[in-house]
Each structure stands twice: as structure tokens, then as C-alpha cells.
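Please read the structure below before turning to the comments.
The values are calculated or read from the model by the stated rules, or taken from the named source; none is laboratory data. These numbers come from a predicted model, not from an experiment. So basically every Cβ, Gly included, is an ideal-geometry build from the backbone, and we count neighbours across all protein chains shown. Note: accessible area is taken over every heavy atom of the protein model, side chains too, but ligands, DNA and RNA are not part of it. Shrake-Rupley method; radii C 1.70, N 1.55, O 1.52, S 1.80 Å.
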Amino acid sequence: MISGCPPVTLSSVGTHCNHRVHAQFVRPVGHAVCRRHLRLRHSSKTVSPVAAVNKDEGQLTVQSPVAALKRLQSRLRGAENGAKSRRPLSQLMCVCVLCLVFRQCKLQPQSAFTWCTVGAVDHVPAEEAAAPDYKVVVALCAAVSLICSIDRASISVAIVPMAEQYGWSDSVKGAISSSFFLGYTITNLIGGYVATKYSSKVVLGGGVVLWSLFTVFTPTAADLGLMLVPLLLSRGIMGAGEGVAFPAISNLFSNWVPVSAKSRSLGLAYSAGQIGNIVALITSPLIINQFGWKSAFWLYGTLGLTWMLAWVPLVPDQPPNKTRAARQLGGSGNIEVSSKSEQGVNSLGDVPWRRFLNNKALWGLVAVHCSFGVGPLVCLSWLPSYYSDEWGLDVAKSSFLSGLPWAISFALANLAGFTADNLINKKVLTITATRKLMQGIASLGPATCLTFLAMQKSGPDGGNLMLSAALLTGTLGLGGFQAAGYGSNHQDLSPKYSGILFGLTNASASSAGALAVFATGVLLDKTDSWSVIFGAVAVVYALGFAGFALLGSGELQYYDD
């Protein structure tokens, strides 16, 4: 920040800068300004002879002295109209004088000097100044993650009385549960691209409305019968609505959240989904016992529509930095946006698909994400059935045992986020080492618990309910460390394409999860053995981490260059 700059008139700067003025006025002022930059309060950056605005996610660069003069004239007009500015006009005049010094002295761009971050050369509109803090966006995204999980998990409880009413086998229950993930997989791919190309706010809001409406419609679809076609379609469309949620959230965070806070912010958003599972698993039995299973879908479906009442007015269509860049580009054409995360993707042809496919770090991420598409989804979909089939517990009695693992996962996910940020910010570990450490806990911990669970006897005849519940709690609870492992890795690899990358890996994980949920029903019909299920899932966890450990990376991947 420049303070105490000498008063300068617009005429002396803009139109009468001849040789005499240059020798007597411009040159001394330029030297004075260069001396004063050593006492600036803000952090310094080395830039070319232009005024720059640097943010966490972007850099706006004035490209010429003429542009600086035009912007100064605009500010003077704004001052005459009573507009407020964030820096004294004398400071802005000095910037223009310094630009003219470079022009008069014929200095080249390589003659860079250390200059301050001039944070507001432009007048800041009221709507931009009123933009919410990134924490508001994080809080709302965490809330919608919670609602997303409630709507998705409610079927795992409701399907028990639904199967009794309609006479469904385990294979049919598996088909109904997996139909959700088919729609979820498709829109994961589309959602990542659309959220990057257009407004992430609109994409996320549209997904919330879609899945909320079809959650409400689920009981009607089940009553229609017709060989389950309406119900399967309803669940698939609901999954399509939820499929855009996390790619859009990933893209929102790449533009809104500072790098130093991303692990814990993503940890909060992801772990809120665990709270959603808890809410669904605990409250659904109470609602079902009091009002019937249909009322659970009707109630939960209204939550997303209520959330929209806060989302629409509180969050702008674009983050503040991007809004400012677009305004400057539209006004003078002299602003260049260099933020990788804020540069849009105009078409599918602009996405470097071939570089994605040839990138081993991305394949490592796909491997571990797929393992988490299998493990948690099998547990989420089948835990109430496991306690009912093996231990004779109804949904009300098993609700605490089904919900406890997600509470532990919520706590550990947030602990992992803060721990990872501290390890990275204090340079204790590299980003790559931090991600692999957190993911090792998240993958190998569940694999160990499930291996022991597969070796235990189950059921009242010789089994131990508390031991089995403890091992399942460890499986899902330790999995919470993934929020600071693979869950944060997409933005490490590419802030610009983080939404698309998340869509790609999550689509792969959803496909694996849909197949695993359906296969679980088929295997149970054929073997009637939960040990087979738990042992197979343990192997998937271990293989997923092995792929990430060998191929994964936390370093920025240059997909464009």
C-alpha cells in the first residue's frame, strides 16, 4: 500500500508529459515511488512494469500505461459521483506516473521491479463487496452434503419394510439399491464438465431440486409396480440429481477456498455426508414406526427444497475474483486472467482427455476412489439387512449400531483435514506424503477390521454382537481419513480441472459401487454368508491403496502444457 504520494493532476499525467515535465516531474516522482515501495505494508511480488492484482486463485494484470490512465480517469469520474474507493486517488496517480516512467525511459518488460499488491485499482461494486465469505459457501455445501446422504441412505432402512410388504428377495433389494448408482455414475461425468464450463452454483442447485422431487416420488413409484420399472427409473433419476453434487462442490471449492484451508474445508463437506448417514439411519426407523415407510421419503425430500431458499440468495453465480475479472474484461479488455482454476472450459474438445488417460497419478486416484465406491456403499446399503438377517434386530434396534460408524467417520474426517493442513503448511511432509499417509490409514484400517470380521462367527449362536459392531465401526470410522487423502487429491492435481477429475473418478467409483451392491445381493442369495462379503471388500480396500501408493501424487499435473 502506498501512502503519502505527492498530489498529481490528471492533465500533468495524461496530456502534458513532454520532455520538460519528464525531466522535472515524472522522473523524480518515479524515483520517489520506487524508494517508497520498500516500506509497503503488503507482501511484495516481482512483476513487469504494470499494476497487478494478485489473489489466492488468480492474477489480474493491467497491460499498458494507456490502460492505467483510462482506469484512473474512470476512478476520477467515480470520485466526482461520490463513489467510494479502497485506495487514495493519489496512490493510483502515482501508479500511472510510474507506468509513464517506463514508457518514457523505454524500459523493457524484463526490467521488473518489486512492487506492491495494488488490491483495488478498480471501483468495487456493492454486490461484489457484499459477496459472502468462503466459509458461508463451505457451510452451505456441507449442509447439502448432509441432505444428499440423508436422501440416499434412507432407502437402506426403508427397504426392509418395503421388502416385507412387496415380497422382494435379496437380489431384488440389491437391484433397487444399485439403480441409484447407475444414474449417479452418468451425471458424475456430465456434472464435472458442466460445473467447470458454466456456473457451479446453478449446477448444484439444479441437482438438489431434481433429487429432492424424485425422493418424494419414490413411494408412488413403488406402488405402481409394473415389474419395478417406475421405481428403478425413479431411483436412477434421483441418483442423476445427486451425481452432480460433489463435482460441483469440488469446483466451487477450487474457486472459493484458500489453498491453506482446502483440506479441512473438504473434510467438513465430505464428513457432513457421514452425519447425513447417521441422521437417516437413526431417524428413519422412528419415522417409519410412527408414520410408515412412505413418510420418510416425503419428509426427507423437502429438505433439499428448503436448502434452496438459502442457496439462491446467499451465493453469487460466480466467485468474487472471477466476477471482478469478467467485469474488467468487459469494460476495457486490458485485464488478463491467469488463474488456472478460473479459466473456463468452452467445449469438451478443450478438455485434455488424452493427457488424463496417460497420467499415472490420475490412475492411482481412480484405483483408490473405486475401492471407496465399493466398501462404504456396500456397508451403507446392507448394514440394516445384516443386523436383521444375522442378529434378528429390527430397524429400530439396529439404528444406533448402523449410525455409530458414521459418527466416528465424521470426527476422524475433520481431524484428518486439520492434521493434513498442518503437516503441509508447516512443511513437515510434502503434499504427496501427506495424502498417502492419510489414505493409508483410511484404506488399510478398514481392510484389517473387515478381515477380522470375516473370521468371526456371526449370529446369536456363538457370535459376538458387540465385537462385530466394533469392527464395523472401525471399518467405516477409519475410512473418514480419506477426506484428507484421495478426497483432497483432485485439487492437488489440477485446480482448473478438479471438477472434471472428480467426476471421472467418482463415476468410476459409482460404477464399481453399483456392481458391488448388486453382487452382494446375488452372493447372499447363493451362499447366505456374510464372511464372503466382508473378505471380498477387505481385498478391494487393500488393492485400492496399493494402486494409490504406487501411482498417486500430490504434485500439480500440467495437463494443458
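If Trp168 satisfies every condition in (1) farther than 26 Å from Gly375 by Cβ; (2) not in a helix (DSSP H, G or I) but one, which is the exception?
(1)
With the condition kept exactly as written, say whether any residue in segment 208-225 is modelled with pLDDT under 90 and surrounded by fewer than 24 Cβ atoms within 10 Å (Cβ to Cβ).
Yes - at least one qualifying residue is present in segment 208-225.
Is it the case that Lys201 is among the basic types (Lys, Arg), touching a helix residue (DSSP H, G or I) at 6+ places or on another chain (Cβ under 9 Å) and within 29 Å of Leu501 (Cβ to Cβ)? If you could, list the steps in order and put the result at the bottom.
Working: among the basic types (Lys, Arg): yes; touching a helix residue (DSSP H, G or I) at 6+ places or on another chain (Cβ under 9 Å): yes; within 29 Å of Leu501 (Cβ to Cβ): yes.
Answer is yes for this residue.
Is it the case, given these coordinates, that Leu501 is of a type in the set (A, V, I, L, M, F, W, C), over 20 Å from the mean Cα position of the chain (by Cα) and on the phi < 0 side of the Ramachandran plot?
Considered against the rule, which asks whether it is of a type in the set (A, V, I, L, M, F, W, C), over 20 Å from the mean Cα position of the chain (by Cα) and on the phi < 0 side of the Ramachandran plot, Leu501 comes out as no.
What is the one condition in (1) buried (at least 22 other Cβ atoms within 10 Å of the Cβ); (2) at pLDDT below 85 that Pro376 does not satisfy?
Looking at each condition in turn, Pro376 falls short on (2).
Return yes when Leu415 is open to solvent by 20 Å² or more (accessible area, probe 1.4 Å) and part of a helix (DSSP H, G or I) and no when it is not.
yes
Six or more apart or on different chains, Cβ under 6 Å: which pairs go from a residue in segment 538-561 that's under 15 Å from Trp363 (Cβ atoms) to one that's at pLDDT below 95 and part of a loop (DSSP other than H, G, I, E, B)? Could you list them?
So the pair list comes out as Gln557/Asn359; Gln557/Ser494; Tyr559/Pro352; Tyr559/Ser494.
Kindly state which helices (runs of 4 or more DSSP H) lie completely within segment 461-561 and contain at least 1 residues that are open to solvent by 30 Å² or more (accessible area, probe 1.4 Å). Break it down into steps so the answer makes sense when it comes.
Values: elements: 465-478, 486-493, 498-527, 530-551.
Where helices (runs of 4 or more DSSP H) fall fully within segment 461-561 and carry at least 1 residues being open to solvent by 30 Å² or more (accessible area, probe 1.4 Å), they are 465-478, 498-527, 530-551.
Starting from segment 462-485, keep only residues that are farther than 15 Å from Ile408 by Cβ, then list their pairs with residues that are buried (at least 23 other Cβ atoms within 10 Å of the Cβ) and of a type in the set (Gly, Ala, Ser) whose Cβ atoms are within a distance under 7 Å, requiring at least 6 positions of separation or different chains.
Ala484/Ser263; Ala484/Gly267; Ala484/Ala416; Ala484/Gly417; Ala484/Ala420; Gly485/Ala442
Would you please list the contacts, defined by Cβ atoms under 7 Å and residues six or more apart or on different chains, that run from a residue in segment 376-394 that is without any contact (Cβ under 8 Å) to a residue 24 or more places away in the chain and outside any helix (DSSP H, G or I) to a residue that is of a type outside the set (Lys, Arg) and surrounded by 23 or more Cβ atoms within 10 Å (Cβ to Cβ)?
Leu393/Tyr387
Only one of Trp363, Trp391, Trp298, Trp353 is under 22 Å from Thr215 (Cβ atoms) and modelled with pLDDT of 75 or more; which?
None of the other options fit; the residue is Trp298.
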